[in-house]
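The values are calculated or read from the model by the stated rules, or taken from the named source; none is laboratory data. This one's a predicted model, so the numbers in the text were calculated from it and none came from an experiment. Note that each Cβ is placed from the backbone with ideal geometry, even for glycine, and that neighbours are counted across all protein chains shown.
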Amino acid sequence: MNLGLGRNFSESHPSFKEASKRHAEACAKGLPCYRDPVSGLSVMTAEALRTRAYCCESGCRHCPY
């Protein structure tokens with residue numbers, strides 16, 4: 001099960017490491033989302049999106065579908 005940053009966030013982005021850390025922390029705590037280090041918006045974790053059981057076609061960062 002891949003709970004990484006997915007295909008919608010480039011590893012070359014300056015905030016990739018911080019976003020990856022926040023995603024991992026949220027997943028470890030069982031939280032459905034975390035605060036994006038760049039925009040300040042909430043980003044759903046891969047597990048929260050997987051639980052939803054469908055793709056909303058919004059280009060979610062961690063979309064497992």
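Summed over the range 31-65, the residues that are without any contact (Cβ under 8 Å) to a residue 40 or more places away in the chain, within 10 Å of the chain's Cα centre (by Cα) and closer than 13 Å to F9 by Cα give a count of 2.
Of the residues contained in the range 48-62, none is found to be in a helix (DSSP H, G or I), among the acidic types (D, E) and at pLDDT 85 or above. Answer yes or no: is there a residue in the range 17-30 that is more than 11 Å from the chain's Cα centre (by Cα), loosely packed, with under 11 Cβ neighbours inside 10 Å, assigned to a loop (DSSP other than H, G, I, E, B) and modelled with pLDDT under 90. Within the range 17-30 (the criterion being more than 11 Å from the chain's Cα centre (by Cα), loosely packed, with under 11 Cβ neighbours inside 10 Å, assigned to a loop (DSSP other than H, G, I, E, B) and modelled with pLDDT under 90), the answer is no, since none of the residues qualifies. Among the criteria (1) in a loop (DSSP other than H, G, I, E, B); (2) crowded, with 16+ Cβ neighbours inside 10 Å; (3) β-branched (V, I, T), the one V43 does not fulfil is (1).
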